[in-house]
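K.L.:
After the structure tokens below, expect a handful of questions from me.
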Amino acid sequence: MSARDLLSWYDRCSRDLPWREDQDPYRVWISEIMLQQTRVETVIPYYRRFLERFPDVGALGKAPLDEVLSLWSGLGYYRRARQLHGAAKMVAQNGGDFPTTAAQLRELPGIGPYTAAAVASIAFGEVIPVIDGNVERVLARQLALGEDPRKISGRRKVIAGAAELLDNGRPGDSNQALMELGATVCTPRNPRCGECPLAGRCQALELDQVEMFPLPKTRKPAQRLRRRVALVLDGEKVLLFRRPQDSELLAGTWELPWVEADGKSARDSERELSLRYSGLWNLGPQVAEVRHSITFRSLRLEVHRAQISSQLTVADGPEAGWFAAEEILDLPTSSQVQKVLGAAGPGVAEQKNL
DNA sequence: CATACGTGGAG
DNA sequence: TCTCCAAGTAT
């Protein structure tokens, strides 16, 4: 049972993933950004589309931000897309050559300690351990760590453990092996300890308390919110508004007009809509209800048909536009919008019973 | 150091 | 339905 066992396990059992076809820094970088807090299965189709459209850092740097956001639509954490684009411009400016060390990579927007170490070790062979959620969990179990692996003291122990398991000859594979182990064997629930190449050195297993580690994180309870969403149609076209590029939430994406509904009458909502988006609003019947959750908020979206005065001067409010269904596919949108339009979009609204 | 940022799958 | 949380980063 040793670091060598981990690497040989990886050589035998690693998954075939599209970003493992080579060690091109651009491709490794894109995959690492997409994989931040996002599951492998979710990332794969996005990664393929993205690489097809932006095959190299030059292509990405030259592209309009809107197109990048559009290919990111539904993937979440949209700040990643803007920072990716910003970093691509910086790298392209530098002749297309990536920084080659973790310390230099760390300077690029969107690249923190984890991503810098991942790209440096995988693409450039730097001997540096990566610490992600998988590694924290694997090491917390190995060490039966009785403290939060994200706090200073715990983190020190995790780093030491990861460094010990690092193979100096193949740091990239070695790092991926530890993450792969966490993703496929040393899973949060129902770990498959019988298949673990490190089982012999696992203190949590020895105590028969594998699932007790790592210590649970404290979690903020989700807020419950009810919102009224206005579906304004002009023939096949839907009225959408763009969120400001500097908004904290879903920046730069297009959304349907909405207001908080909690404790408010439909009349209140009409007034708020006109205040926020300008124009005169008339809320019609509800045509759908959509549930959606977004970072500690669970949303109940009541979708209403609505009309707006024809003398709407959108120049007074946020950027607005009318779009047909096919056009919306090419727009930066969030998954929330896709859900609502799927449930109550043009042509569907009439068939909905509510 | 705590908090905010999206989303969808699993149990 | 509900809770947890996944290859983190920025503030």
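K.L.:
Would you mind telling me the share, in percent, of accessible area of chain A contributed by carbon and sulfur at probe 1.4 angstrom?
P.N.:
49 percent
K.L.:
Taking the Kirkwood radius as the inverse of the mean 1/r across Cα pairs, report the Rg/Rh of chain A.
P.N.:
Ratio value, two decimals: 1.05.
K.L.:
Please give the peptides A:39-46, A:87-94 ranked by average Cβ packing (other Cβ atoms within 10 Å per residue), highest first, as a rough proxy for protection.
P.N.:
Sorting A:39-46, A:87-94 by mean packing, highest first, produces A:87-94, A:39-46.
K.L.:
Something else about it: Against the longest alpha carbon principal axis of chain A, how many degrees, from 0 to 90 and to the nearest 10, is the axis of helix A:133-142 turned?
P.N.:
40 degrees
K.L.:
Scan the stretch A:180-281 for GluC sites (Glu not before Pro) in coil per DSSP, keeping those whose Cβ has at most 14 other Cβ atoms within 10 Å, and list them by number.
P.N.:
A:Glu236, A:Glu248
K.L.:
How far, in degrees from 0 to 90, does helix A:79-93 lean away from the longest principal axis of the Cα atoms of chain A, to the nearest 10?
P.N.:
Value to nearest ten degrees: 70.
K.L.:
7 Å from Cα along Cα→Cβ at both A:Asp262 and A:Thr184: what's the point-to-point distance in nm?
P.N.:
Result: 4.4 nm between the two label points.
K.L.:
Is there a quick way to get the dipole size of the stretch A:3-212? I mean about its Cα centre, with the Cβ of Lys and Arg at +1 and of Asp and Glu at -1; what is the value in debye to the nearest 20?
P.N.:
Using Cβ point charges on Lys, Arg, Asp and Glu, the stretch A:3-212 gives about 500 debye.
K.L.:
Mind checking the angle between helix A:3-13 and chain A's longest principal axis? C-alpha axes, 0 to 90 degrees, to the nearest 10.
P.N.:
Once rounded, one gets 50 degrees.
K.L.:
Let me ask something else about it. Need the full-extension length gain, A:Lys237 to A:Asp330, defined as separation in residues times 0.36 nm minus the C-alpha distance. One decimal, nm.
P.N.:
The A:Lys237-A:Asp330 span can extend by a further 32.0 nm.
K.L.:
Rolling a 1.4 Å sphere over the protein heavy atoms, what is the accessible area per residue of chain A, to the nearest Å²?
P.N.:
It amounts to 51 Å² per residue over chain A.
K.L.:
Around A:Phe296, with a cut-off of 10 angstrom between Cβ atoms, what is the net charge of the other residues, counting Lys and Arg +1 and Asp and Glu -1?
P.N.:
Local net charge: +3.
K.L.:
Shape verdict for the stretch A:3-212, please, from the Cα gyration tensor: rounded (a/c under 1.5), prolate (a/b greater than b/c) or oblate.
P.N.:
prolate
K.L.:
When a/c is below 1.5 the answer is rounded, else prolate if a/b is larger than b/c, else oblate, so apply that to the stretch A:223-351 with a ≥ b ≥ c taken from the square roots of the Cα gyration tensor eigenvalues.
P.N.:
rounded
The values are calculated or read from the model by the stated rules, or taken from the named source; none is laboratory data. Note that this is a predicted model, so its numbers are computed, not measured. Virtual Cβ from ideal backbone geometry, glycine too; neighbours counted across all protein chains shown. To get the accessible areas, we keep the full protein, side chains included, count just its heavy atoms, and leave off ligands, DNA and RNA. Shrake-Rupley method; radii C 1.70, N 1.55, O 1.52, S 1.80 Å.
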